[in-house]
1. So, residue B:164, is that one over 24 Å from the mean Cα position of the chain (by Cα), assigned by TED's automatic domain parsing to the domain that holds residue B:28 and surrounded by 22 or more Cβ atoms within 10 Å (Cβ to Cβ) or not?
2. Residue under question is residue B:155, and the condition is that it be surrounded by 13 or more Cβ atoms within 10 Å (Cβ to Cβ), within 14 Å of chain A (Cβ to nearest Cβ), in contact (Cβ under 8 Å) with a residue 40 or more places away in the chain and at positive phi; does it hold?
3. Here is a check on your reading of the model: is residue A:237 modelled with pLDDT of 90 or more and farther than 22 Å from residue A:9 by Cβ?
4. I'm trying to understand the selection: among the residues of region B:184-214, which are more than 16 Å from residue B:129 (Cα to Cα), outside any helix (DSSP H, G or I) and in contact (Cβ under 8 Å) with a residue 40 or more places away in the chain?
5. Taking residue B:44 as meeting all but one of (1) without any contact (Cβ under 8 Å) to a residue 40 or more places away in the chain; (2) within 14 Å of chain A (Cβ to nearest Cβ), write down the number of the exception.
6. How many residues, within region B:329-342, are in contact with a strand residue (DSSP E or B) (Cβ under 9 Å, 6 or more places away or on another chain) and more than 8 Å from chain A (Cβ to nearest Cβ)?
7. Answer yes or no: is there a residue in region A:249-260 that is touching a residue at least 12 places away in the same chain (Cβ under 8 Å), away from chain B (no Cβ under 14 Å), crowded, with 24+ Cβ neighbours inside 10 Å and in a helix (DSSP H, G or I).
8. May I ask you to list the residues in region A:1-55 that are assigned to a loop (DSSP other than H, G, I, E, B) and within 29 Å of residue A:211 (Cα to Cα)?
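The values are calculated or read from the model by the stated rules, or taken from the named source; none is laboratory data. Since we're looking at a predicted model, the values are computed, not measured. Neighbour counts are summed over all protein chains in view; Cβ atoms, including those assigned to glycine, are modelled from backbone coordinates with ideal geometry.
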């Protein structure tokens, strides 16, 4: 048990230490607003992280999530301004995300273009399309119904937090208990053996990217419905934050292992750290340095724990 | 005999759970070709890894060039003139021949100092060495454009450029076509006449009588015998290698063949498969013989939908079948145990149980959700039936021995309840005991009506287990031999296309 959930428990301990320290020294940290901001931020990043975890476990990478999020956000905002009902806006965001993810997936799974290339292309092209289409103007003002999703509270916590938690639990269940979940791990662990066991590896690859896109569509709605405008640079650099959380959360960057619960805890740790810097009056520029340090600590801890650094370099024979 | 170039005495090496070498003596004289033979797992690889500095012995001593020596790293051994040429050639495909010859040991300019490398001098020396071997080699060509034989030549030239005194060749004829084998042998004789000592490892015993001076047989980590090849025979070597009679190893029971289960008609694929036709009956084990590259694995891949054929017909139980994906093959009742167990057969980090269920997840699920209780029951059933030695079904497959891993792969496919089982080198790299068990299992499965297509490079295995043997050469079936008429000689004649 300790071994199996080792990473999750370590992050939980780090979270407890950090929050404990902040609660004791910074009275403002304890208030409900801070907690709810942290959890809401973690919700949308965490939902993107679920998709990213699946993609990385399957042995791929998706760096286009930030651009996809911006496209979903801007089109959803435009639609809302045009008077579309909110459920239609939400559906559009989900459909757009699914569509863009499916496009990534089709190019990667069926044309067999490396995922880093495909998603680099979509990252760049979508960002370019946004600038061309919006000419840099933000989408505002938004109708009053826009903020319903982001500002409704249940049991004192914003709705996006609950939706995020539900998504994490559902994804954890799918990965552990369904055929497709098993196939994602098998594919990432040994693509050749997976194919020879009769698994339709192209379909599984397509699926993880499509799901990743769909989850970006959902995350968009959890994120932007908290604000009264949509910015053009929405989601910029999101891929780095999410991939960092996935790696810190214990997923093997080469595929085959990792959990969405680990990723969510990774997201929480990064989010709490960011807000800790604000409270402690440390410049936000340190945020990135700390994220980098987390990656190194996580990966080093793995290698020390498994004793891999002491094993000889593997020879071909 | 002259003073040995290299002498090993009482070499012992223990790995977790296995005593790989147990007090082994081995000597190599300058200008000698010393063959090293033994079954997989006998300790050949460990011994050459000790000579070449990959492993350190736990006990024993090594004398090299008349003085005690240790080789703490492969680099140290290479620097002192010990070169290894592995079966899987280890060159840099995108770099030129010249660059490959010098990687890791570039020559510096003679006069000036500094880190610059002297390509002109390297080229001149390389040309000299290649010419002295009496061969042609384009030094500017990228290595991936070379044939297997030419790549081997690059390795040999590379060894000579580093003044190798000892060259270890591990299955050097494995990747070669027949005419190239002859050329390699004359090259080896040339090296011998220059005073290089050669350790020659091969499973092809007939080669040893052609090229070697002495032979050492290893079995279960011990040296059984060392003798001049003139004083031994093929049968004596096999007896020393196996240490038991062959009957126990090949428990083939007579099964009456039933109706045709797999009918293959004029299957073709580029140049790799040409008009391949045959019939496999229920209860029958049909062996597929041929040299590497003869099209055996291509045929298996075509039948299993990994690399579908372009022309031809496949019928299963008399019904036309089109297979364009392994998933389809599985649904049609075809199972394939691939050649490379670890790379193709198993998801090593997955528990034994999840490996066993991988091909039948759909049957163990409802609405896409895996029924873990049923999965565990099926897995435990196969662990018991195949006698897979594992601490439990939740242990990663990586933790099992080769023979038990292979049983997991077999179990995975038996779970899919196939009609046709294609086994590609099913006992490669498993120890003799597990080998006998896998053979017994094959016999039992055939007895229950399964049609088995057995691909093997081990002729005794083919002869021992098959009801009929089909021999392939260059993508064609060049002959068919009944169990009672098949001999190694007949198979080799058909496989080399001499007939």
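1. The answer is yes for residue B:164.
2. So residue B:155 fails the test.
3. Taking the combined requirement at face value, the residue satisfies it.
4. The answer is B:197, B:198, B:199, B:200, B:201, B:202, B:203, B:212, B:213, B:214.
5. Checking residue B:44 against (1) without any contact (Cβ under 8 Å) to a residue 40 or more places away in the chain; (2) within 14 Å of chain A (Cβ to nearest Cβ), the one that fails is (1).
6. Total meeting the criteria: 7.
7. yes
8. A:4, A:5
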